[in-house]
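Okay, structure first, notes after.
The values are calculated or read from the model by the stated rules, or taken from the named source; none is laboratory data. Just so we're clear, the structure is a prediction, and the values are computed from it rather than from any experiment. So basically every Cβ, Gly included, is an ideal-geometry build from the backbone, and we count neighbours across all protein chains shown. The protein model used for the area step is the full one, side chains on, heavy atoms only, and it has no ligands, DNA or RNA in it. Shrake-Rupley method; radii C 1.70, N 1.55, O 1.52, S 1.80 Å.
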Amino acid sequence: MPYTTRELFARLIQCEAGGEGDDGMGAVASVVGNRSTVPYGEFARVSQGGDIRRIIEQPGQFVCMRDTVGGKYNPQSIWNMDPQEIHYQIADWVMSGNTMNAVAECLFFYNPYSSECPRYFPPGGIGVAFNRINQHCFYRPTQKYKDT
């Protein structure tokens, strides 16, 4: 039986940012929410008017949505998560239209496993560094993204 959108989102939050505390999880979840409401570019076409599930399930976007990574089983996937109440609370908060100001307009996040955030992410210059919360760097869209 497929997960509800709420369950899927809670699992994604736990998987992508479970060790990042409330702010880190809220920031990552806010990016998903931002993607579902942005009025231009690729994510606007994917969300088709605000569908968070379509954003979460968009191929190639979240490592946690993959069964395999580099040809090997991915133990860090949504299917191996056991979301707690906080994950559902954050999912509900974002699904109600809320977002963190600390990642306002950000459409991308990345954990560089380094103390510095690359200036642009993803490759190709479609996101520019805006903020860092815990281990994740957050990126606002550039004009290049807007033209996608």
Subject >> Selected from Pro123, Pro39, Pro75 as most flexible by GNM, with the chain as the system and alpha-carbon contacts under 10 Å >> reply: Pro123
Original post:
What is the distance, in nm, between label points placed 7 Å from the Cα along the Cα-to-Cβ direction at Glu57 and at Asn101?
Top reply: 3.6
Original post:
Restricting attention to the stretch 64-148, which trypsin sites (Lys or Arg not before Pro) occupy a DSSP loop and are surrounded by at most 12 other Cβ atoms within 10 Å?
Top reply: Arg119
Subject >> Distant-in-sequence amide H partners of Cys137 (H built 1.01 Å from N, under 5 Å) >> reply: Tyr110, Asn111
Original post:
If you average the sequence gap of Cα pairs under 8 Å that are 6 or more apart and divide by the length of the chain, what percent do you get for the contact order?
Top reply: 26
Subject >> Pair Asp22, Thr68: separation of 7 Å Cα→Cβ label points (nm) >> reply: 4.1
Subject >> Cut-off 12 Å between beta-carbons: net charge of the residues surrounding Ile126, Lys and Arg +1, Asp and Glu -1 >> reply: +1
Original post:
Taking the Cβ-Cβ separation of Glu42 and Glu85 as r and a Förster radius of 30 Å, what is the calculated FRET efficiency to the nearest 0.05?
Top reply: 0.35
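Where does the charge balance sit around Pro59 when Lys and Arg score +1, Asp and Glu -1, over other residues with C-beta under 13 Å from its C-beta?
Once all neighbours under 13 Å are counted, the net charge is -1.
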Original post:
At a 1.4 Å probe, what is the % contribution of carbon and sulfur to the accessible area of the stretch 56-148?
Top reply: 50
Original post:
For the stretch 51-65, list residues with backbone N below 12 Å from a point placed 7 Å from the Cα of Asn111 toward its Cβ?
Top reply: 63-64
Subject >> Estimated vicinal HN-Hα couplings, Hz - the stretch 128-138 in sequence order (Karplus 6.51, -1.76, 1.60; Gly, Pro = x) >> reply: 10, 3, 10, 7, 10, 10, 6, 8, 9, 9, 10
